[in-house]
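Structure first, commentary second.
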Amino acid sequence: MIGFFVEPQPDETLYSIFARYADRVQYPSQVKLIRELTGSVNPLNLTLLPGRLGHLDRALPTHHDWSVDALIDEHTLLPFFASFRSRQRVLALRRAMQETNGIKVEAFAGLHASHIKLPQWLRYCVDCAAEDHLRIGFRYWHRIHQLPLIDVCPVHEAQLINTSVSARMRGRWKRLVTADEAIHRSIRRPGGTHDKKKRETILALARDCEWLLQKSCTGIKIVELRQQYLSLLQERQLATWAGRLRRSRIVAEIGRYYTHKFLDHLGCALGKPDRNNWVIRSFHESRIEQVHPLQHLLIIHWLGLSASELMSMHRESLPFGKGPWPCLNRSADHFRKFLIQACRVSRSPKGGVPLGLFSCPACQFTYVRRGPDEGPKDAFRIGKVRIRGREWERNLRSLWMNPAVQFKEMRARLGVCFATIKRQAARLDLPPRHLLKAVLSDRFQGKAA
């Protein structure tokens, strides 16, 4: 157990905390320092997803206020890399970060299988460094500056600067370097420049990454995420209401939105629109967790949202819009009035189009129609009537039993054809119309006599 530890700063990486501690205590050997803090002398990646944090928790002074979960949430990049993972996967990643080394954690997080390159050098923002020095008297490495391919500071909109300090600690052991020391030494030029449109895209991604890092990382419900994606695609007519993706159109639209050159630069090249394409994997429930969080952000921005907007909204698939809906019982006094509060949606076995079942609480008139609605007028379309209801049947009896009412008038008032009128009259055991007319004729002749 160590006697003291440095106070972590907001958004500071674990690498930066270790480097400042090493600079304070001036161990004769940093290998021994790492062994004391992590229980291992193997090179560790303290910038992205470090491991052996359980040993660090046991090595810290007894009076410290930092829990392992707090260190993970506030000083590692797990909130970013696990932002689109299930709760079970996030818990497993947390356990791995406590007990295993960083290399295994990265593999478990899927970073080794991704084509998106991890940062090669530790980076900093000139304005952030100046503010830190003015506020606390020293500079430190920020998490938000170490994200893959995000080379713009979301706070100051400034280009990040690459230092000569390697961000990867694989292979040969490298000394821990504080931000103060690295900035004082010779530095590299910025990682690159972008045109205005690309810069705006990178800046928007950086702001979303900052929001993800500040968000508590507990995992998400994959089913709900896919449903939100699917609902947005259906609104753009890029997916059927049965959930079938229009793959070629989706990939083509994303290519036009970002340009292939920009996506190639990010390591997110668009290939064939098959199930192995990262865009298509983003919408499959069984493969959605295999997609890099940066690729999820690209999808979200293409859909016109930010990460915070997507995760705070509750979208439902509403092929018939929001209620209430009108009663289409032409014989009722409340015809075309919006009395129906609920719609039961099912899928047609032919084509998978949505079918809406509507039942009026006032007259029990129930009908089914096909969706989705394309405009407000579609609410007054009627498909197949399932139940006509007591009021409709009462009006049919009244009109049928009055021989003076012609079929043309009956059709207009009941909203059905002549064949339906006869069929429904037979179902209700109503007497034939010619007998009613004969009775009316006899009565008229008797009165005349």
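The values are calculated or read from the model by the stated rules, or taken from the named source; none is laboratory data. What you see is a predicted model; the values in this text were computed from it and never measured. No Cβ is skipped: glycine too gets one built from the backbone with ideal geometry, and neighbour counts run over all protein chains shown.
Okay, residues lined up against (1) free of Cβ contacts under 8 Å to residues at least 40 places away in the same chain; (2) among the hydrophobic types (A, V, I, L, M, F, W, C); (3) buried (at least 18 other Cβ atoms within 10 Å of the Cβ):
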| residue | (1), (2), (3) |
| --- | --- |
| I2 | no, yes, no |
| T13 | no, no, yes |
| I17 | no, yes, yes |
| R20 | no, no, yes |
| D23 | no, no, no |
| Q26 | yes, no, no |
| S29 | yes, no, no |
| L46 | no, yes, yes |
| G54 | no, no, no |
(Q) I need the full set of residues from segment 98-124 which are at pLDDT 90 or above and either in contact with a His (Cβ under 9 Å, 6 or more places away or on another chain) or assigned to a helix (DSSP H, G or I) (or both), in order please. (A) L122, R123, Y124
Q. Which numbered condition trips up D73, out of (1) touching a Leu at 6+ places or on another chain (Cβ under 7 Å); (2) within 22 Å of Q9 (Cα to Cα)?
A. (1)
Q) Failed condition for A129, given (1) at pLDDT below 90; (2) surrounded by 19 or more Cβ atoms within 10 Å (Cβ to Cβ); (3) small (G, A, S), with all others met? A) (1)
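Results for (1) in the same structural domain as V155 (by TED's automatic domain parsing); (2) in contact with a helix residue (DSSP H, G or I) (Cβ under 7 Å, 6 or more places away or on another chain); (3) among the β-branched types (V, I, T), shown as yes or no for each residue.
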site: A182; (1), (2), (3): yes, no, no
site: D208; (1), (2), (3): no, yes, no
site: L238; (1), (2), (3): no, yes, no
site: V279; (1), (2), (3): no, yes, yes
site: I288; (1), (2), (3): no, yes, yes
Q.
Every residue in segment 82-92 that is hydrophobic (A, V, I, L, M, F, W, C) and over 20 Å from W211 (Cα atoms), please.
A. L91, A92
Q. If you check A70 against the conditions, is it under 15 Å from L213 (Cβ atoms), within 36 Å of the chain's Cα centre (by Cα), without any contact (Cβ under 8 Å) to a residue 24 or more places away in the chain and surrounded by fewer than 19 Cβ atoms within 10 Å (Cβ to Cβ)?
A. yes
Q: Please list, ordered by first then second residue, the pairs with beta carbon atoms under 6 Å, 6 or more apart or interchain, first in segment 268-291 and of a type in the set (S, T, N, Q), second assigned to a helix (DSSP H, G or I) and modelled with pLDDT of 85 or more.
A: S282/I299; Q290/R281
**Q.** Residues satisfying the stated conditions in segment 210-228, i.e. over 20 Å from R94 (Cβ atoms), touching a residue at least 12 places away in the same chain (Cβ under 8 Å) and of a type outside the set (A, V, I, L, M)
**A.** E210, W211, R226, Q227, Q228
Q. What residue, among those in segment 217-235 that are touching a helix residue (DSSP H, G or I) at 6+ places or on another chain (Cβ under 9 Å) and surrounded by fewer than 15 Cβ atoms within 10 Å (Cβ to Cβ), is farthest from I288 (Cα to Cα)?
A. T218
Q) Looking at A158, is it farther than 28 Å from W278 by Cα, hydrophobic (A, V, I, L, M, F, W, C), surrounded by fewer than 22 Cβ atoms within 10 Å (Cβ to Cβ) and touching an Asp or Glu at 6+ places or on another chain (Cβ under 6 Å)? A) yes
